[in-house]
1. Evaluate the following for residue 358: is it at pLDDT 95 or above and over 28 Å from residue 149 (Cβ atoms)?
2. Checking the condition assigned by TED's automatic domain parsing to the domain that holds residue 353, at pLDDT below 95 and over 24 Å from residue 375 (Cβ atoms), which residue from 116, 50 passes?
3. Looking at this structure, is residue 155 within 16 Å of the ligand (Cβ to nearest atom) and in contact with a helix residue (DSSP H, G or I) (Cβ under 9 Å, 6 or more places away or on another chain)?
4. Scan (1) in contact (Cβ under 8 Å) with a residue 40 or more places away in the chain; (2) surrounded by fewer than 16 Cβ atoms within 10 Å (Cβ to Cβ) for the single condition residue 371 breaks and write down its number.
5. Which is outside any helix (DSSP H, G or I), away from the ligand (no atom under 16 Å from the Cβ) and touching a residue at least 40 places away in the same chain (Cβ under 8 Å), of 112, 119?
6. Looking at (1) in contact with a strand residue (DSSP E or B) (Cβ under 8 Å, 6 or more places away or on another chain); (2) in contact (Cβ under 8 Å) with a residue 60 or more places away in the chain; (3) within 16 Å of the ligand (Cβ to nearest atom); (4) part of a helix (DSSP H, G or I), find the lone condition where residue 106 falls short.
7. Having 3 or more residues that are touching a helix residue (DSSP H, G or I) at 6+ places or on another chain (Cβ under 9 Å) and within 16 Å of the ligand (Cβ to nearest atom) is the bar; report the strands (runs of 3 or more DSSP E) wholly within the stretch 312-419 that clear it.
8. Kindly indicate which of 224, 206 is in contact with a helix residue (DSSP H, G or I) (Cβ under 7 Å, 6 or more places away or on another chain) and outside any helix (DSSP H, G or I).
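The values are calculated or read from the model by the stated rules, or taken from the named source; none is laboratory data. The structure presented is a predicted model; accordingly, all values stated were derived computationally and were not measured. Cβ coordinates were reconstructed from backbone atoms using ideal geometry, including for glycine residues, and neighbour counts include every protein chain displayed.
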Ligand SMILES: [Zn+2]
């Protein structure tokens, strides 16, 4: 495998031109915006489908509304190697989040065609439907469908204006009444290239990050009840100020999250992003406070320890100031998704073979790969982005950085195809 130079086959300029062209398809008043299910989104997809066809891919939209370009393999029974990400954006987002992964997959397909390389396996490039949270209050709609994880009641969810998700999916070419057919059991390997959306790779001057796991996200709600009082007449000594207890708990969350992150069991972050004080008046000692916490971790057992420890610390802080911890509950909780160890190894070896620097790292953001990993071995390649910025128009990666990540993906596809893994998927 060492003799070929995969970097000769990636056309970084062609990849870049496509990225900038798709970025031009945006809501004109709010660059760069292609909200899923919108007219601009469909316009972007039509353009993408055309680029897929130009690359010789057979184009279809699956039952889950995913746009798929397929290149046949030599061996008709062989499983599929799948590459992809999403082309929808947040409002006022960037040109790279998601889109880079779809177009990198396309560039891999084109590079193989141009080099006359026939793969044993079929290769698919996927634009997953609605990865970003949409007006239907749900993210990763297409990859959920592919994993068999899109539920009937979710299809009934409506957006403002009354359209149901199932209707919207039909409108973009999906077939929600036959959703089971979108679920895949033929995928040998799934690779998603994505901008890091964080500062680590840039700060360390590295070419790629190989993702170990996509964090699980737990949201917790704490409710503290003290006693509202006159801000002028209630002496400092006897107060039952719920905001003070909330503030101490916010600091405890930070300290505990730092300790969890440092304990060697994986990436850990926690944020008290909602602090709601009642009655929220300048001359009233706060009688109640509510915190909503977002905690993310690549280890389910570490998350459980964090929740237990936070519960006990919050109870202690509350008790010390005669505050009642009236509520402590998990609002939502999803498990971390581990990336396939064999695929991580192949990606690390591919980067090394190409002379590209790499590190293993967790993903603190959710991705389509998390759902795909439920039905197929999945892994991710991160490329650096300027200042770690994302979900904003300033989002940026250099053409050379995107090309380097795409080279690594191409090299990994070649290695996967030539039997580093068995056709039946050794890692399943
Ligand atoms: Zn994304």
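1. Working: at pLDDT 95 or above: yes; over 28 Å from residue 149 (Cβ atoms): yes.
For residue 358, the condition - at pLDDT 95 or above and over 28 Å from residue 149 (Cβ atoms) - is met.
2. Values: 50 fails: at pLDDT below 95.
Just a single option satisfies the conditions, and that option is 116.
3. Numbers: within 16 Å of the ligand (Cβ to nearest atom): no; in contact with a helix residue (DSSP H, G or I) (Cβ under 9 Å, 6 or more places away or on another chain): yes.
Against the criterion (within 16 Å of the ligand (Cβ to nearest atom) and in contact with a helix residue (DSSP H, G or I) (Cβ under 9 Å, 6 or more places away or on another chain)), residue 155 does not qualify.
4. (2) is the only condition that residue 371 fails.
5. On the way: 112 fails: outside any helix (DSSP H, G or I).
119 is the lone residue from the list that is outside any helix (DSSP H, G or I), away from the ligand (no atom under 16 Å from the Cβ) and touching a residue at least 40 places away in the same chain (Cβ under 8 Å).
6. Every listed condition holds for residue 106 apart from (3).
7. Values: elements: 324-333, 358-363, 378-383.
Because the criterion is at least 3 residues that are touching a helix residue (DSSP H, G or I) at 6+ places or on another chain (Cβ under 9 Å) and within 16 Å of the ligand (Cβ to nearest atom), the strands (runs of 3 or more DSSP E) in the stretch 312-419 that meet it are 378-383.
8. Values: 206 fails: in contact with a helix residue (DSSP H, G or I) (Cβ under 7 Å, 6 or more places away or on another chain).
Going through 224, 206 in turn, the sole match is 224.
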